[in-house]
Amino acid sequence: MYEVTYHRASSVSEAVKLAKAGEDSKFLAGGMTLIPAMKTRLAAPSDVVDLRHVKEIRGIKVSGKKVTIGAGTTHADVAGNAKLVRVCPAICKLASSIGDPHVRHMGTIGGSIANNDPAADYPAAMLALDATIITNKRAISAARFFKGLFETTLKDGEIIKEVQFTAPAKCGYAKFPNPASRYAMTGVFVAKGKEVRVAVTGAGDDGVFRAKALEKALERKFDASALDGVSVSASNMMSDIHASAEYRANLVVVMAKRAVAAANA
Amino acid sequence: MSEVSMVVNGRKVSGSVEDRTLLVHFLRDNLGLTGTHVGCDTSQCGSCVIHVDGKAVKACTMLAAQASGSTITTIEGLADGASLHVVQEAFKEHHGLQCGFCTPGMIMAAVDMINRHPGGLDEATVRAELDGNICRCTGYHNIVKAILAASKKIKSSSARKKKAA
Ligand SMILES: Cc1cc2nc3c(=O)[nH]c(=O)nc-3n(C[C@H](O)[C@H](O)[C@H](O)COP(=O)(O)OP(=O)(O)OC[C@H]3O[C@@H](n4cnc5c(N)ncnc54)[C@H](O)[C@@H]3O)c2cc1C
Ligand code: FES
Ligand code: FES
């Protein structure tokens with residue numbers, strides 16, 4: 001790891017100020033992506049600003065169907081939240097499928113969506129739930145927030161404070177984990193509120209996306225059988241040593257069926 | 001450089017470290033607690049697992065500076081003098097180790113897992129919970145057996161304590 005200067009912030013405004021003062025600062029949340037990247041010198045910030053002690057961005061609020069999750073909330077806390085599991089069990093299940101217990105104790109939802117790894121789980125939930133990402137500057141819809149591989153609309157020094165969404169009547173998540181890394185080789189989040197939204201992670205060659213053909217079929221009948229015979233084109237799928245584009249295209253439909261079955265269970 | 005201080009295995013410690021120092025190196029090099037191992041560069045193997053403020057984390061993926069102010073337990077802090085912790089005892093009894101390299105992390109992960117499942121564990125849960133701990137020797141069977149046995153023992157002794165109270 002290259003040299004770095006560590007700072008600890010206790011509020012969002014202090015974190016913004018500390019980050020601004022550094023030459024090439026990065027926020028440090030759970031560190032489960034940033035520190036491995038620094039260890040291998042893929043990332044080399046001059047300064048890191050630790051957000052783990054910023055209380056105002058931690059915690060989960062559920063009021064009726066309205067859900068607010070602080071950016072600094074760990075995967076373990078999302079997975080185990082009793083109020084959240086009652087209104088939106090799929091997001092708890094998703095969080096419990098991230099990495100391993102030790103990663104879940106540190107990693108945060110804010111860090112995951114800021115990083116926008118094309119194989120990360122949370123982006124699919126944010127897009128399917130039509131979530132709003134609240135930063136220290138603005139509110140951004142998930143559809144506008146995620147931009148391709150590891151890209152978001154976040155500006156330098158902008159902090160995610162929380163994400164908000166309205167829990168849909170039904171939702172489900174199904175993930176085919178990469179056997180080595182446990183990241184999603186294909187993960188599908190299905191939400192049925194006023195409309196049906198199907199978001200896919202791990203499969204697309206440009207990051208998380210909505211599967212419109214599957215949404216259309218599920219609008220007619222919200223049942224796994226509605227996807228029988230429906231196929232997804234392999235042309236925009238990722239292809240690597242783990243799986244070909246065709247294999248991933250097939251997995252999208254299979255995972256969507258499982259997600260719908262989970263939503264209806 | 002940063003001044004860091006924390007409570008490690010019940011002892012207050014402090015030191016001056018480069019900001020880029022990983023917690024695992026602070027434990028091993030500054031404090032001489034070499035029971036916590038480093039088995040990979042990718043945060044995947046779990047041989048470095050310790051407890052920070054009561055939760056299992058990978059000491060190779062946290063800066064010492066991040067851990068300043070917290071309370072830490074390492075493998076060296078589990079035994080009570082000469083008597084081993086129930087989980088250590090179970091690994092010995094069930095032959096849950098061969099070369100032993102992964103064992104400190106396995107045991108710290110197991111203690112954390114058992115703490116989070118006071119109602120007990122089943123084999124599928126133990127295997128899923130071991131996602132972040134890699135062992136190149138044992139094939140996991142005896143590790144799983146050891147954790148199940150320790151979980152049972154801890155559950156029944158806490159039930160006895162409850163009854164007595
Ligand atoms: C072994 C292992 C397995 C994993 N498996 C999975 C998996 O199966 N699925 C999955 O989705 N992920 C997986 N992850 C990644 C994990 O979920 C990370 O926790 C997550 O991607 C990043 O969150 P973090 O809090 O650790 O962020 P950090 O690593 O601290 O930061 C990541 C990036 O986000 C920025 N950032 C952090 N917080 C904010 C904020 N509030 N506002 C703006 N920017 C911010 C940082 O500056 C940095 O650029 C795995 C990681 C490991 C080490
Ligand atoms: S040394 Fe491998 S996970 Fe920490
Ligand atoms: S006992 Fe050798 S790595 Fe597990």
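The values are calculated or read from the model by the stated rules, or taken from the named source; none is laboratory data. Keep in mind that what you see is a predicted model, and the values were worked out from it rather than measured. Here the Cβ positions follow ideal geometry from the backbone for every residue, glycine too, while neighbour counts run over all protein chains shown. Protein only, heavy atoms only, side chains kept; ligands, DNA and RNA dropped before computing areas. Shrake-Rupley method; radii C 1.70, N 1.55, O 1.52, S 1.80 Å.
Out of A:Thr152, A:Thr132, A:Thr74, any idea which swings most in a Gaussian network model of chain A, alpha carbons joined below 10 Å? Highest fluctuation of the listed residues: A:Thr152. Kirkwood hydrodynamic radius computed over the protein assembly as shown comes to 22.7 Å, based on all pairs of distinct alpha carbons.
With every protein chain in place and a 1.4 angstrom probe, the accessible-area ranking of A:Asp117, A:Asp223, A:Asp206, A:Asp50, largest first, reads A:Asp206, A:Asp223, A:Asp117, A:Asp50.
Based on DSSP H runs of at least 4 residues, each adding -39500 (n - 2.57), what is the mean residue ellipticity at 222 nm of chain A after dividing by all its residues, to the nearest 500 deg cm²/dmol?
-9000 deg cm²/dmol
State whether the stretch A:121-219 is rounded, prolate or oblate according to the following rule on the C-alpha gyration tensor (a ≥ b ≥ c being the square roots of its eigenvalues): a/c under 1.5 gives rounded; otherwise a/b larger than b/c gives prolate, and the remaining case gives oblate. Since a/c reaches 1.5 but b/c is at least a/b, the shape of the stretch A:121-219 is classed as oblate. Ratio of Rg to Rh for the stretch A:55-166: 0.93 [Cα atoms; Kirkwood radius as inverse mean 1/r over pairs].
For the stretch A:170-264, pairs of C-alpha atoms spaced more than 17 angstrom apart make up 42 percent of the total. Computed over the alpha-carbon atoms, the stretch B:44-114 gives an Rg to Rh ratio of 0.98, Rh here being the Kirkwood radius from the mean inverse distance. Within the accessible area of chain A, the carbon and sulfur atoms contribute 50%, probe 1.4 Å, all protein chains present. Taking every residue in A:101-113 and counting other chain Cβ atoms within 10 Å of its Cβ, the average works out to 5. Each 10 Å bin, from zero up to the one with the longest distance, holds this percent of the alpha carbon pairs of the stretch B:1-124: 13, 45, 32, 10, 1. Relative to the longest principal axis of the Cα atoms of chain A, the long axis of helix A:245-264 lies at roughly 80 degrees.
For chain A, the longest piece that avoids every one of the GluC sites (Glu not before Pro) found in DSSP loops with at most 15 other C-beta atoms within 10 Å covers A:24-150.
Compared with the dominant Cα axis of chain A, that is its longest principal axis, helix A:12-21 is turned about 60°.
Based on Cα contacts under 8 Å between residues 6+ apart, chain B shows a relative contact order of 23 percent.
Expressed to the nearest 5 percent, the antiparallel share of DSSP beta bridges inside the protein assembly as shown is 80 percent. Can you bin the stretch A:5-50 into rounded, prolate or oblate? Criterion: square roots of the alpha carbon gyration tensor eigenvalues sorted a ≥ b ≥ c, rounded for a/c under 1.5, prolate for a/b above b/c, oblate for the rest. Cα axes put the stretch A:5-50 in the oblate bin. Around A:Asn236, what is the net charge, scoring Lys/Arg as +1 and Asp/Glu as -1 over all other residues with Cβ under 13 Å from its Cβ? For residues surrounding A:Asn236, the net value is 0. Of the residues A:Gly72, A:Gly204, A:Gly31, the one that moves most in a GNM of chain A with alpha-carbon contacts below 10 Å is A:Gly31. Add +1 for every Lys or Arg and -1 for every Asp or Glu among the other residues with Cβ under 12 Å from the Cβ of B:Gly10, and state the total. Cβ neighbours under 12 Å give a net charge of 0. Taking Cα centroids, how far is the stretch A:205-256 from the stretch B:12-83 in Å? About 43 Å separates the Cα centre of the stretch A:205-256 from the one of the stretch B:12-83.
Our coupling estimate for the stretch A:185-196, obtained by passing each phi through the Karplus curve with A = 6.51, B = -1.76, C = 1.60 and θ = phi - 60°, is 7, 7, x, 10, 10, 10, 10, 10, x, 5, 10, 9 Hz, Gly and Pro reported as x.
Could you state the number of Å between the C-alpha centres of the stretch A:61-82 and the stretch A:8-44? That distance is 23 Å. Determine the per residue accessible area of the protein assembly as shown with all protein chains present and a 1.4 angstrom probe, expressed in square angstrom. Per residue, the protein assembly as shown has 45 Å² of solvent-accessible surface.
How many Å² of accessible surface get buried when A and B come together, counting both sides, probe radius 1.4 Å, rounded to the nearest 100?
Roughly 2300 Å² of accessible surface disappears when A and B pair.
Of B:Ser16, B:Ser83, B:Ser68, the residue with the greatest mean-square motion in the GNM of chain B, using alpha carbon springs below 10 Å, is B:Ser83. Given an 8 Å cut-off on Cα distances and at least 6 residues of separation, report the relative contact order of the stretch A:5-50 as a percent. Relative contact order here is 55 percent.
Per residue of peptide B:11-24, the mean number of Cβ atoms on other chains within 10 Å of the residue Cβ is 2. How large is the helix-only mean residue ellipticity at 222 nm for chain B, computed as the sum of -39500 (n - 2.57) over DSSP H runs with n ≥ 4, divided by its residue count, in deg cm²/dmol to the nearest 500? Mean residue ellipticity, 222 nm, calculated: -10500 deg cm²/dmol.
Comparing the full protein assembly with the isolated chain, the residues of the stretch A:13-33 losing at least 10 square angstrom of accessible surface (1.4 Å probe) are A:Leu28, A:Met32.
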